[in-house]
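I'd like to ask you about the structure that follows.
The values are calculated or read from the model by the stated rules, or taken from the named source; none is laboratory data. From a predicted model like this one, the values you see are computed outputs, not experimental measurements. Note that each Cβ is placed from the backbone with ideal geometry, even for glycine, and that neighbours are counted across all protein chains shown.
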Amino acid sequence: FYNFNKKQYSLVNIEDLEKFENDTLVTPQLLAEHKIIKKNNDLIKILAKGNLTKRLIVQAVKFSKKAEEAIIKSGGKIKVV
């Protein structure tokens, strides 16, 4: 049995976002350009592995609670798309 409604997410850890400069808007297109994900039309979920020290604006479909807290704690913002 195959569930046709199951969504596959590209998982991105906050440590992968450390390569961007402060105040960068991190979009799926930007993640694809930097080869963090394979395609820019992927559904993205941000996970909390690692440390984040940069102030970023991150767009994704889903965020883990700890990733949300880490992004906001570093002065950044989250945008659910």
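Of all the strands (runs of 3 or more DSSP E) wholly in the chain, which have at least 1 residues that are of a type in the set (V, I, T) and out of contact with any Phe, Trp or Tyr (no Cβ under 8 Å at 6 or more places or on another chain)? It would help to see each step written out before you state the result.
Values: elements: 9-13, 43-47, 57-60, 77-80.
Hits in the chain: 9-13, 57-60.
Those residues that are more than 18 Å from K73 (Cβ to Cβ) and of a type in the set (A, V, I, L, M, F, W, C), I need them from segment 13-46; list them, please. Don't jump to the end; show me each part of the working.
Quick first cut of segment 13-46, residues more than 18 Å from K73 (Cβ to Cβ) only: 19, 21, 25, 27-45.
Matches in segment 13-46: L25, L30, L31, A32, I36, I37, L43, I44.
Right, another one. Applying the selection to segment 60-77, what residues are aliphatic (A, V, I, L, M), surrounded by fewer than 18 Cβ atoms within 10 Å (Cβ to Cβ) and more than 10 Å from the chain's Cα centre (by Cα)? Quick ask: steps written out before the conclusion?
Of segment 60-77, the ones aliphatic (A, V, I, L, M) are 60-61, 67, 70-72.
After this cut, where a residue has to be surrounded by fewer than 18 Cβ atoms within 10 Å (Cβ to Cβ) as well, the list is 61, 72.
Within segment 60-77, just I72 meets the criteria.
Also: Among the residues of segment 1-15, what is the count of those that are farther than 11 Å from I44 by Cβ and either among the aliphatic types (A, V, I, L, M) or at pLDDT 95 or above (or both)?
Within segment 1-15, residues that are farther than 11 Å from I44 by Cβ and either among the aliphatic types (A, V, I, L, M) or at pLDDT 95 or above (or both) number 3.
Being under 19 Å from K79 (Cβ atoms), among the basic types (K, R) and either modelled with pLDDT of 95 or more or touching a Ser or Thr at 6+ places or on another chain (Cβ under 7 Å) (or both): is that true of K49 here? Talk me through it step by step, then tell me what you get.
Working: under 19 Å from K79 (Cβ atoms): no; among the basic types (K, R): yes; either modelled with pLDDT of 95 or more or touching a Ser or Thr at 6+ places or on another chain (Cβ under 7 Å) (or both): yes.
So K49 fails the test.
Counting only residues that are surrounded by fewer than 17 Cβ atoms within 10 Å (Cβ to Cβ) and in contact with a Leu (Cβ under 9 Å, 6 or more places away or on another chain), how many does segment 21-41 have?
6
Can you tell me how many residues within segment 48-81 are closer than 15 Å to K19 by Cβ and among the charged types (D, E, K, R)?
3
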